[in-house]
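Novice: Dropping a structure here in structure tokens format, bear with me for questions.
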Amino acid sequence: MVEQGTVLAAPRAGACRSRAGSAGEAGACERTGADKDAALKPKPRRKTQRPRLYKVILVNDDFTPRDFVVAVLKAVFRVSEDQGRRIMMTAHRRGVCVVAVYTRDVAEPKATEGTEAGKAAGYPLMFTTEPEE
Ligand code: TYC
């Protein structure tokens, strides 16, 4: 709910901001062509907020076999063999790698599924999630 009197949008650059009482003054705010049309058309305002996005992060360890990591990436995140290998090698070399970005309701179950796949096979493979700025 928007309270009465709440300012939803500041006047845009170039909008006529003549003082009260100037209405009707000849030439107070004259416009021509496209500028005139733009002034009449209110800027569309977003009615729904974009959901926050979460990164799924692959964490390196010293025990999970490389091919197993790639297989999990392919199965859970639907990446290609080539992409899976690149993601795995980035985590291997740098410690972590962002696998993908999703809404929270998708990111968290995928991270859990990947981590559980490692656990079921006896590996400490880990995926975490982190909100994007
Ligand atoms: N470092 C592991 C190895 O050398 C491979 C690996 C890569 C494990 C990425 C986890 O997130 C990972 N066998």
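Novice: Taking 0.36 nm per residue of separation and subtracting the Cα-Cα distance, what length does fully extending Ala71 through Thr103 add?
Specialist: The span from Ala71 to Thr103 would gain 9.2 nm if fully extended.
Novice: Mind pulling up the Rg/Rh value for region 64-133? Radius of gyration and Kirkwood radius, both on Cα.
Specialist: 0.93
Novice: For the pair Ser80 and Arg52, how long in nm is the line joining their label points, each one 7 Å along Cα→Cβ?
Specialist: Taking the simple label geometry, Ser80 and Arg52 are separated by 3.4 nm.
Novice: Once you list every other residue whose beta carbon is under 14 Å from the beta carbon of Lys110, what net charge do they have if Lys and Arg are +1 and Asp and Glu are -1?
Specialist: Counting the neighbours of Lys110, the net charge comes to -1.
Novice: OK, next. Under 21 Å from the Cα of Lys74, which lysines turn up, not counting those fewer than eight places away in the same chain?
Specialist: Lys55, Lys110, Lys119
Read-outs throughout are calculated quantities, based only on the coordinates presented, and are distinct from any laboratory measurement. Since the model is a prediction, treat every value here as computed from it, not as a measurement. Methodologically, a virtual Cβ is constructed for each residue, glycine included, from the backbone with ideal geometry; neighbour enumeration extends over all protein chains shown.
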